[in-house]
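Novice: The structure under discussion is supplied below as structure tokens; questions concerning it will follow.
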Amino acid sequence: MHVQAATTATFSHEGTVFASTTENGLDYELYQLKKNIFGRWPKTIPAMPSAVAKLVTTGKTPLINLSQSTLDNYMAMRFDGFISIPSDGAYMFALYSDDGSKMWIDGNLIINNDGIHSLKGKSSGWLNLTQGLHTIKVEYFEINGSQDLKVYWKSSNFAAQEVPTAVLYPK
């Protein structure tokens, strides 16, 4: 996937698709979780939407975190859009979450931090990415207790930091 970075972006991937945006951030979906037919809560990120994950709301969010959630427990979120890679090179991503989370770049699962657990981080290892926009998706779920979600990145050009709003674009 390649895009000329600007307030209006032209996308091309396996043919030509055109899209434009003037606002930064990602699309998000918030789901209320329910017990399954056996009366149990999910132990991993459920399919969204599904019988155990009912859509509550959608919108745009500036960062990949829980600031848009109106639910404290028994919830799941999906963040979807594009990330602008500033230059060709190696990048590493990290997910910190309580409970589970997963992250995809260009449709490839790069971090699997799924399951019920206290705050735990996992990283992707180094990924070689080209300059331009790449698809990004993060899924998260929380059963009960403490909750947290943060996404970090680093490259040889900058130290580890939370992925900033300026490089995120909705679809």
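The values are calculated or read from the model by the stated rules, or taken from the named source; none is laboratory data. What you are looking at is a predicted structure, and each value in this text was computed from that prediction instead of being measured. All Cβ positions, glycine included, derive from the backbone under ideal geometry; neighbour counts span all protein chains shown.
Novice: Does Glu142 satisfy being within 30 Å of Gly39 (Cα to Cα), under 16 Å from the mean Cα position of the chain (by Cα) and touching a residue at least 40 places away in the same chain (Cβ under 8 Å)? Don't jump to the end; show me each part of the working.
Specialist: Values: within 30 Å of Gly39 (Cα to Cα): yes; under 16 Å from the mean Cα position of the chain (by Cα): yes; touching a residue at least 40 places away in the same chain (Cβ under 8 Å): yes.
Yes; evaluated as a whole, the condition is true for this residue.
Novice: Could you check segment 1-30 and list, in sequence order, the residues that are at pLDDT 90 or above and not in a loop (DSSP other than H, G, I, E, B)? Spell out how you get there, then give the answer.
Specialist: So in segment 1-30, the residues at pLDDT 90 or above come out as 24-30.
Residues satisfying the conditions are Leu26, Asp27, Tyr28, Glu29, Leu30.
Novice: Identify the residue in segment 67-106 that is assigned to a strand (DSSP E or B) and of a type in the set (Asp, Glu) and, among all such residues, is nearest to Gln131 (Cα to Cα). Show your work before the answer.
Specialist: If we filter segment 67-106 for residues that are assigned to a strand (DSSP E or B), which is where we start, we get 75-85, 89-98, 101-105.
Retained after the next criterion (residues that are of a type in the set (Asp, Glu)): 80, 98.
On the way: Asp80: 19, Asp98: 31 Å.
Result: Asp80.
Novice: Does segment 82-89 include one or more residues that are farther than 16 Å from Trp153 by Cβ, surrounded by fewer than 17 Cβ atoms within 10 Å (Cβ to Cβ) and either among the β-branched types (Val, Ile, Thr) or touching a helix residue (DSSP H, G or I) at 6+ places or on another chain (Cβ under 8 Å) (or both)? Outline the logic, then answer.
Specialist: Step one: of segment 82-89, the residues farther than 16 Å from Trp153 by Cβ are none.
No: segment 82-89 contains no residue that is farther than 16 Å from Trp153 by Cβ, surrounded by fewer than 17 Cβ atoms within 10 Å (Cβ to Cβ) and either among the β-branched types (Val, Ile, Thr) or touching a helix residue (DSSP H, G or I) at 6+ places or on another chain (Cβ under 8 Å) (or both).
Novice: Among the residues of segment 112-132, how many are in contact (Cβ under 8 Å) with a residue 60 or more places away in the chain, surrounded by fewer than 17 Cβ atoms within 10 Å (Cβ to Cβ) and either among the charged types (D, E, K, R) or within 30 Å of Trp41 (Cβ to Cβ) (or both)?
Specialist: So the count comes out to 2.
Novice: I would also like to ask the following. Any idea how many residues of segment 107-132 are in a strand (DSSP E or B) and closer than 18 Å to Tyr91 by Cα? Quick ask: steps written out before the conclusion?
Specialist: First, the residues of segment 107-132 that are in a strand (DSSP E or B): 108-113, 120-129, 132.
The next check asks that each one be closer than 18 Å to Tyr91 by Cα; those that pass are 108-112, 121-129, 132.
Result for segment 107-132: 15.
Novice: Something else now. Residues to consider are Lys54, Lys60; find the one that is at pLDDT 95 or above, surrounded by fewer than 17 Cβ atoms within 10 Å (Cβ to Cβ), in a strand (DSSP E or B) and out of contact with any Asp or Glu (no Cβ under 9 Å at 6 or more places or on another chain). Don't jump to the end; show me each part of the working.
Specialist: Working: Lys60 fails: out of contact with any Asp or Glu (no Cβ under 9 Å at 6 or more places or on another chain).
Of Lys54, Lys60, the one residue that is at pLDDT 95 or above, surrounded by fewer than 17 Cβ atoms within 10 Å (Cβ to Cβ), in a strand (DSSP E or B) and out of contact with any Asp or Glu (no Cβ under 9 Å at 6 or more places or on another chain) is Lys54.
Novice: Would you point out the residue of segment 133-171, among those that are part of a strand (DSSP E or B) and touching a Ser or Thr at 6+ places or on another chain (Cβ under 7 Å), that is nearest to Pro42 (Cα to Cα)? Lay out the reasoning, then the answer.
Specialist: From segment 133-171, those part of a strand (DSSP E or B) are 133-142, 148-155, 158-162, 168-169; that's our starting set.
Among the residues that remain, those that are also touching a Ser or Thr at 6+ places or on another chain (Cβ under 7 Å) are: 133, 138-140, 148-149, 169.
Values: Leu133: 33, Val138: 18, Glu139: 14, Tyr140: 12, Asp148: 18, Leu149: 18, Tyr169: 30 Å.
Only one residue fits best here, namely Tyr140.
Novice: On to the next question. Can you name the residue in segment 31-44 that is at pLDDT 95 or above and crowded, with 19+ Cβ neighbours inside 10 Å and, of all such residues, is farthest from the chain's Cα centre (by Cα)?
Specialist: Looking at residues that are at pLDDT 95 or above and crowded, with 19+ Cβ neighbours inside 10 Å, I get Leu33.
Novice: Another one. Among the hydrophobic types (A, V, I, L, M, F, W, C), modelled with pLDDT of 95 or more and over 26 Å from Gly145 (Cβ atoms), is that true of Ala90? Step through it out loud before you land on a result.
Specialist: Numbers: among the hydrophobic types (A, V, I, L, M, F, W, C): yes; modelled with pLDDT of 95 or more: yes; over 26 Å from Gly145 (Cβ atoms): yes.
For Ala90, the condition - among the hydrophobic types (A, V, I, L, M, F, W, C), modelled with pLDDT of 95 or more and over 26 Å from Gly145 (Cβ atoms) - is met.
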